[in-house]
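For reference, the structure is listed below as structure tokens.
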Amino acid sequence: MPNETVKLAQVYKSFGELEVLKGIDLTVNSGETVVMLGSSGSGKSTLLRCINFMETPTAGHIYLHGDRVGAEKSGKIYYRESELCKLRSKIGMVFQHFNLFPHMTVLQNVMEGQITVLKRGKSESIQKAQAQLERVGLLDKADEYPSRLSGGQKQRVAIARALAMDPEVMLFDEVTSALDPELVGEVLKTMRQLAEDGMTMVIVTHELGFAYHVANRVLFLDDGVILEQGVPHDILKHPKTQRMREFLEGHSLFKLPE
């Protein structure tokens with residue numbers, strides 16, 4: 001039996017009158033790499049932000065390792081901030097923009113969350129930070145400041161920072177879309193290594209080649225619903241819906257291998 005890590009059951013999310021997610025059912029198993037595709041405004045980023053409760057679902061339930069997040073009372077779900085803080089410490093998130101502290105060195109950036117959130121000691125935080133910087137190939141930049149790094153290097157530091165928190169799940173939101181094309185490969189290589197290492201990941205990206213070669217499963221979101229999902233070859237080479245075909249035609253599908 002697969003080891004279920006994250007489960008979403010009929011998750012809805014609205015912002016005022018705008019309904020962005022319309023009943024999402026999704027299970028992500030331990031060690032699985034799930035890639036989400038979809039046009040701008042389809043709900044991909046909102047879905048990621050609901051998984052780690054940067055956004056609170058309007059309706060539905062989210063489970064981590066089978067335990068439902070939040071308590072239900074009189075038909076409404078309530079979330080304690082202490083519960084959400086604990087959950088967020090288990091779910092790492094890397095954004096399109098790196099959000100590094102400019103006044104801190106690379107090493108200090110990777111240490112900061114460990115000390116302030118996990119209450120780790122300085123010595124242990126340094127060791128963990130160094131290990132994760134080595135993992136992403138940037139240990140030699142430990143004493144540099146972010147302003148002296150390329151965009152790709154900054155993004156890899158952001159990944160190391162998230163990994164240093166010992167997450168059980170990693171979420172990636174369009175992490176290569178702000179990078180110059182020649183820097184995209186180094187970040188995707190790091191993410192591919194994480195997949196090979198068995199990290200549980202949910203990734204929003206437009207990199208179809210990465211999705212094809214690395215994902216265990218590909219989801220296609222459209223207008224707040226999962227329109228298609230399956231193994232990469234089936235979804236990317238043999239889409240069932242006209243909407244998915246139109247999406248792929250706009251993203252150079254010819255680059256995928258036969």
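Structural remarks
- Exposure check, 1.4 Å probe, all protein chains in place: His103 carries approximately 130 Å² of accessible surface.
- Segments 52-61, 233-242 sorted - mean Cβ within 10 Å per residue, highest first: 52-61, 233-242
- Spacing of the modelled spin labels on Lys86 and Glu72, each 7 Å from Cα toward Cβ, amounts to 2.1 nm.
- Solvent-accessible area of Lys22, all protein chains in place: 60 Å² (probe radius 1.4 Å, heavy atoms, ligands and nucleic acids excluded).
- Answer label, with semi-axes √(5λ) of the Cα gyration tensor in Å calculated from the coordinates and candidates (1) 29, 25, 16; (2) 26, 23, 20; (3) 34, 31, 16: (1)
- Over the chain, dividing the summed -39,500 (n - 2.57) contributions of all DSSP H runs of at least 4 residues by the number of residues returns a 222 nm mean residue ellipticity of -10500 deg cm²/dmol.
- Set of aspartates and glutamates near Lys22 by C-alpha distance (under 16 Å), chain-local residues within fewer than 8 positions excluded: Glu55, Asp222, Asp223, Glu228
- Entries in Lys122/Lys154; Lys7/Lys128; Lys44/Lys73; Lys13/Lys237; Lys86/Lys189; Lys90/Lys128 that, when Cα-Cα distance is taken, lie over 21 Å: Lys122/Lys154; Lys7/Lys128; Lys44/Lys73; Lys13/Lys237; Lys86/Lys189
- Pair Glu4, Val117: separation of 7 Å Cα→Cβ label points (nm): 2.5
- Rg(Cα) / (2.2 N^0.38 Å) computed for segment 152-240, rounded to two decimals: 1.12
- What the phi angles of segment 219-234 give under the Karplus curve with 6.51, -1.76 and 1.60, with θ = phi - 60°, is a coupling list of 10, 10, 9, 8, 6, x, 10, 7, 7, 9, 7, x, 5, x, 4, 5 Hz, glycine and proline written as x.
The values are calculated or read from the model by the stated rules, or taken from the named source; none is laboratory data. Everything quoted here is computed from the prediction, not taken from an experiment. All Cβ positions, glycine included, derive from the backbone under ideal geometry; neighbour counts span all protein chains shown. Quick note on the areas: whole protein, heavy atoms, side chains included, nothing else; ligands and nucleic acids left out. Shrake-Rupley method; radii C 1.70, N 1.55, O 1.52, S 1.80 Å.
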